[in-house]
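The values are calculated or read from the model by the stated rules, or taken from the named source; none is laboratory data. Remember, it's a predicted structure, so these values are computed and weren't measured experimentally. Note that we place each Cβ from the backbone using ideal geometry, even for glycine, and neighbour counts take in every protein chain shown. In case anyone asks, the SASA skips ligands and DNA or RNA and just uses the protein heavy atoms, side chains included. Shrake-Rupley method; radii C 1.70, N 1.55, O 1.52, S 1.80 Å.
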Amino acid sequence: MPSIAVNTKDITKEDNNLGTPYDYLNLMKPRVMSLVVFTAFVGYYSATPLVENAINPILALIGIFAIALGAGASGVLNQWYDRDIDLLMERTKNRPIPSGKVQPSEALSFGIITSILSIIILGLSINWLAASLLVFTIFFYSVVYTIWLKRYTVQNIVIGGAAGAFPPIIGHICATGSFGLEALILFLIIFLWTPPHFWALALVNKSDYKAAKIPMLPIVYGDMVTRKNIFIYSLLLMPCVYLPFILNHTGIFYAVVVTILNIEFIRRSVSILKANVGSEKGLFIYSIFYLTIIFATICFDKLINNYITGQL
């Protein structure tokens with residue numbers, strides 16, 4: 001379903017003042033960046049026991065900084081292109097560009113420069129395979145998702161979810177110099193987690209997406225279809241989070257924590273399916289907690305295992 005959003009790219013408020021550092025930080029979507037940093041770190045840390053000569057902590061910090069910078073650059077380019085629809089939505093109308101705090105040309109330059117810097121830093125400090133995947137991630141989010149998927153297909157969140165799932169793979173490559181099964185599992189967890197997470201938000205902010213004519217699932221097929229899809233993807237996600245345990249990448253502690261988290265996730269998904277009041281926002285907030293605890297538990301489980309085996 002093609003978007004027919006009104007092109008208001010040139011009607012943002014005029015402001016001759018340069019944006020503040022805080023405005024530019026907001027352009028980089030710091031909350032998204034924090035999740036990227038965290039998942040990239042988990043990808044790096046979970047891979048380090050697999051190699052004898054993992055990169056030193058200083059280089060690891062530089063690498064994660066470069067990944068964060070690349071994620072921020074993607075956010076800037078996303079907001080530069082989406083400034084027309086951001087102006088139409090209550091949730092986004094106060095972002096730096098539609099509010100006139102940062103001019104579009106400044107945002108575009110900032111996004112391009114930070115993208116190039118992140119790639120060069122990662123390539124020179126860690127390896128060019130990780131840098132190449134970072135290039136693809138930036139391109140996928142700022143071009144494939146932002147320009148095409150978001151405005152032209154109801155599958156925007158499903159396919160576009162891959163962009164947010166690449167950081168742990170990049171972190172793994174930073175540590176090992178190659179792809180690995182454990183990183184691919186982390187990718188799969190985030191990929192399947194994304195649809196129920198964002199569709200719950202779409203139900204909450206349905207009027208915003210309708211105003212901007214973005215073909216989100218509840219706009220195109222209605223609330224009930226969206227609720228059913230949230231439940232289906234929740235069911236698909238549940239067994240996948242056990243893969244690190246099944247493949248012996250984590251121990252029993254991880255399995256216990258995941259089981260507790262899964263029970264609550266399914267309970268909330270059923271609540272959404274029943275259209276209980278407040279269930280959409282409840283699942284959206286819980287899903288953030290859910291993913292954070294799962295990834296944190298992977299690290300903690302590794303820490304326990306390293307201590308037991310004498311690697312600490």
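A compact table of results
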read-out	value
Leading residue by the ranking (farthest from residue 223 (Cα to Cα)) among those in the range 269-308 that are of a type in the set (Val, Ile, Thr) and in contact (Cβ under 8 Å) with a residue 40 or more places away in the chain	304
Options 259, 292, 309: the member that is modelled with pLDDT under 95, out of contact with any helix residue (DSSP H, G or I) (no Cβ under 6 Å at 6 or more places or on another chain), of a type in the set (S, T, N, Q) and open to solvent by 10 Å² or more (accessible area, probe 1.4 Å)	309
Spans of helices (runs of 4 or more DSSP H) in the range 80-189 with at least 3 residues open to solvent by 10 Å² or more (accessible area, probe 1.4 Å), touching a strand residue (DSSP E or B) at 6+ places or on another chain (Cβ under 9 Å) and of a type in the set (Phe, Trp, Tyr)	none
The range 243-254, subset surrounded by fewer than 19 Cβ atoms within 10 Å (Cβ to Cβ) and closer than 10 Å to residue 298 by Cα, residue modelled with the highest pLDDT	253
The range 262-272 - residue that is of a type outside the set (D, E, K, R) and within 23 Å of the chain's Cα centre (by Cα) and, of those, most open to solvent (accessible area, probe 1.4 Å)	266
Index of the failed condition, residue 275 passing every other in (1) open to solvent by 20 Å² or more (accessible area, probe 1.4 Å); (2) among the hydrophobic types (A, V, I, L, M, F, W, C); (3) at negative phi	(3)
Which listed residue, of 6, 32, 51, 37, is modelled with pLDDT under 95 and over 30 Å from residue 188 (Cβ atoms)	6
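Conditions tested, residue by residue: (1) assigned to a helix (DSSP H, G or I); (2) out of contact with any Phe, Trp or Tyr (no Cβ under 8 Å at 6 or more places or on another chain); (3) more than 25 Å from residue 182 (Cβ to Cβ).
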position	(1), (2), (3)
239	yes, yes, no
244	yes, no, no
248	no, yes, no
255	yes, no, no
260	yes, yes, no
268	yes, no, yes
272	yes, no, yes
286	yes, no, yes
